[in-house]
């Protein structure tokens, strides 16, 4: 019986270590992010409580679900399914299809202290905007 105790402890210890280890391959973008701030043309926009409920979920399979809250008829939500892919360590593309037309938006991004900042990369003449989101899941 004493021999089994000596074998059981190392096995349990190993299982405990493995179950607590963090997967280093997880992309920090993966998860649910909630809108916190919108800056258009270098001016912070006042966001309604309704709009602040908007979330963006980056999924590991390259899909993105945006649940947009709109100040119409009270506060209603609209779900939009998109795709995303990383171009490099700080650039990503978000693709959506609407009425048969495909549009790709390009963003630089940074993640710091649980906040994701998306800066749209614009064509000439566009109005720059920045979206700041906090990670909630």
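Odds and ends about this structure:
- Of all residues in the range 115-137 being touching a strand residue (DSSP E or B) at 6+ places or on another chain (Cβ under 9 Å) and surrounded by fewer than 12 Cβ atoms within 10 Å (Cβ to Cβ), the one that is farthest from residue 36 (Cα to Cα): 126
- Pairs, first under 16 Å from residue 29 (Cα atoms) in the range 86-100, second outside any strand (DSSP E or B), C-beta under 9 Å, six or more apart: 86/27; 86/29; 92/29
Readers should treat all values here as calculations from the given coordinates under stated rules, not as data from a laboratory. The structure presented is a predicted model; accordingly, all values stated were derived computationally and were not measured. Backbone-built Cβ (ideal geometry, glycine too); neighbour counts: all protein chains shown.
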